[in-house]
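Read through the structure below, which is laid out as structure tokens, and then see the notes.
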Amino acid sequence: GPTALLERGGLRVITDPMLGPRGPNAFVLPKHPSTGQPNAPIERYVAPAPFELAGLDAILISHTHNDHVDTRAKELLPKHVPLVVAAAGVAAMREAGFQDVRGLDWGQSTTITAGSTALHVLAVAAHHAHDPELDRQVGKGNGYVLEWSDASGRYRVYWTGDAVLADETKDFIATHGRVDLLLPHMGGVGGDG
């Protein structure tokens with residue numbers, strides 16, 4: 001799934017938290033992305049990896065679909081920690097009880113600090129589908145350029161979010177520069193991935 005725990009310089013973030021248990025009905029999608037089935041139950045084949053929520057400094061969410069932030073995550077995650085999400089998801093995350101919700105559109109950024117470490121978060125384009133109409137229907141999500149700055153220097157990560165390979169992705173280095181780590185989470189709504 002899309003969940004990763006990233007840490008540098010003591011600043012810890014989690015991406016697209018899917019924390020529910022393994023099972024045949026892990027979450028429900030309003031419409032299955034490939035078959036079109038309404039209210040489709042989705043199976044989770046493996047349990048999430050164990051990790052500690054204590055010391056979490058930020059939550060990064062590409063978009064608020066149930067397969068990127070599940071009900072269990074909304075219950076378990078600390079509500080006071082800064083949460084960065086695509087602008088369209090701000091209301092849903094505030095409704096879930098999160099207090100420091102930072103909605104970003106493409107090109108917007110925010111900075112999170114912990115001690116002497118800063119994390120600059122830049123929202124970049126993430127398209128769900130190659131078909132423009134389907135992409136619009138599914139909704140706008142974000143990818144992120146994450147840049148840690150600490151005593152050791154800078155470390156840059158590009159997390160694609162839930163995306164297909166699009167023109168913005170192909171032109172990424174020309175637009176945003178090189179990164180130290182690529183976290184691709186790419187598939188394709190309405191196709192075979």
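Grab the DSSP H runs of the chain that are 4 residues or longer, score each as -39,500 (n - 2.57), total them, divide by all residues and round the 222 nm result to the nearest 500 deg cm²/dmol.
Values: 5 runs with 28 residues, N = 193.
That comes out to -3000 deg cm²/dmol.
Can you tell me the FRET efficiency between Ser34 and Thr111 if r is taken as the Cβ-Cβ distance and R0 is 45 Å, rounded to the nearest 0.05?
Details: r = 38 Å, r/R0 = 0.84.
That gives a FRET efficiency of 0.75.
Given R₀ = 35 Å, FRET efficiency for Glu75-Glu168 by Cβ-Cβ distance, to 0.05?
Details: r = 34 Å, r/R0 = 0.97.
My answer for the efficiency is 0.55.
Dimensions of the stretch 115-191 along principal axes (Cα, Å, largest first)?
The Cα atoms of the stretch 115-191 stretch 45, 24, 16 Å along the principal axes, largest first.
Simple spin-label model, 7 Å along Cα-to-Cβ: His176 to Ala88 in nm?
According to this spin-label approximation, the distance is 1.8 nm.
Ordering Met186, Met93 by accessible area with a probe of 1.4 Å, largest first, what comes out?
Working: Met186 85, Met93 0 Å².
Largest to smallest exposure gives the sequence Met186, Met93.
Val46: net charge of surrounding residues, Cβ under 15 Å, Lys/Arg +1, Asp/Glu -1, itself excluded? Each step should come with its number before you reach the end.
Values: positive: Arg22, Arg44, Arg72; negative: Glu43, Asp67, Asp70.
Net of charged neighbours comes to 0.
Can you give the local net charge around Val90? Use residues other than it whose beta-carbon is closer than 12 angstrom to its beta-carbon, Lys and Arg +1, Asp and Glu -1.
Numbers: positive: Arg94, Arg102; negative: Glu95, Asp100, Asp105.
Counting the neighbours of Val90, the net charge comes to -1.
Tell me, what is the 1.4 Å probe accessible area of Arg44, in Å² to the nearest 10?
So the heavy atoms of Arg44 present about 50 Å² to solvent.
Give the span of the stretch 60-138's Cα atoms along each principal axis, as three whole-Å numbers ordered largest to smallest.
Result, largest extent first: 44, 27, 17 Å.
Going down the table (Lys31/Lys170; Lys31/Lys74; Lys31/Lys140), which pairs top 24 Å between alpha carbons?
Lys31/Lys170
For the stretch 17-84, I need the span (max minus min coordinate) of the C-alpha atoms along each principal axis, in Å, sorted largest to smallest.
Its Cα atoms span 39, 23, 16 Å along the three principal axes.
Evaluate E = 1/(1 + (r/R0)^6) for Gln99 and Glu52, where r is the Cβ-Cβ distance and R0 equals 22 Å; express this FRET efficiency to the nearest 0.05.
Values: r = 21 Å, r/R0 = 0.96.
E between Gln99 and Glu52, to the nearest 0.05, is 0.55.
May I ask you to derive the relative contact order of the chain, considering only C-alpha pairs under 8 Å and at least 6 residues apart, and to give it as an integer percent?
On the way: 428 pairs, mean separation 31.7, N = 193.
This gives 16 percent for the chain.
With the alpha-carbon atoms as the only input, what is the per residue convex hull volume for the chain in Å³?
Details: hull volume 22.2 nm³, N = 193.
Cα convex hull per residue, to the nearest whole number: 115 Å³.
Pick from Pro82, Pro50, Pro17: which residue has the top mean-square fluctuation in a GNM of the chain where Cα pairs under 10 Å get a spring?
Pro50
How much of the DSSP beta bridge set in the chain is antiparallel, as a percent to the nearest 5?
Numbers: 32 of 47 bridges.
Percentage antiparallel, nearest 5: 70.
Would you kindly state the longest site-free stretch of the chain, with sites defined as chymotrypsin sites (Phe, Trp or Tyr not before Pro) in a DSSP loop (not H, G, I, E, B) surrounded by at most 16 other Cβ atoms within 10 Å? Walk me through the numbers before you get to the answer.
Numbers: sites that count: Tyr45, Phe51, Trp106.
For chymotrypsin sites (Phe, Trp or Tyr not before Pro) (loop position, at most 16 other Cβ atoms within 10 Å), the longest site-free span of the chain is 107-193.
Report Lys79's accessible area, 1.4 Å probe, all protein chains in place, as a number in Å² to the nearest 10.
50 Å²
The values are calculated or read from the model by the stated rules, or taken from the named source; none is laboratory data. The model shown is predicted, which means the values in this text are computed figures rather than measured ones. Cβ atoms come from the backbone with ideal geometry, glycine included; neighbour counts cover every protein chain shown. To get the accessible areas, we keep the full protein, side chains included, count just its heavy atoms, and leave off ligands, DNA and RNA. Shrake-Rupley method; radii C 1.70, N 1.55, O 1.52, S 1.80 Å.
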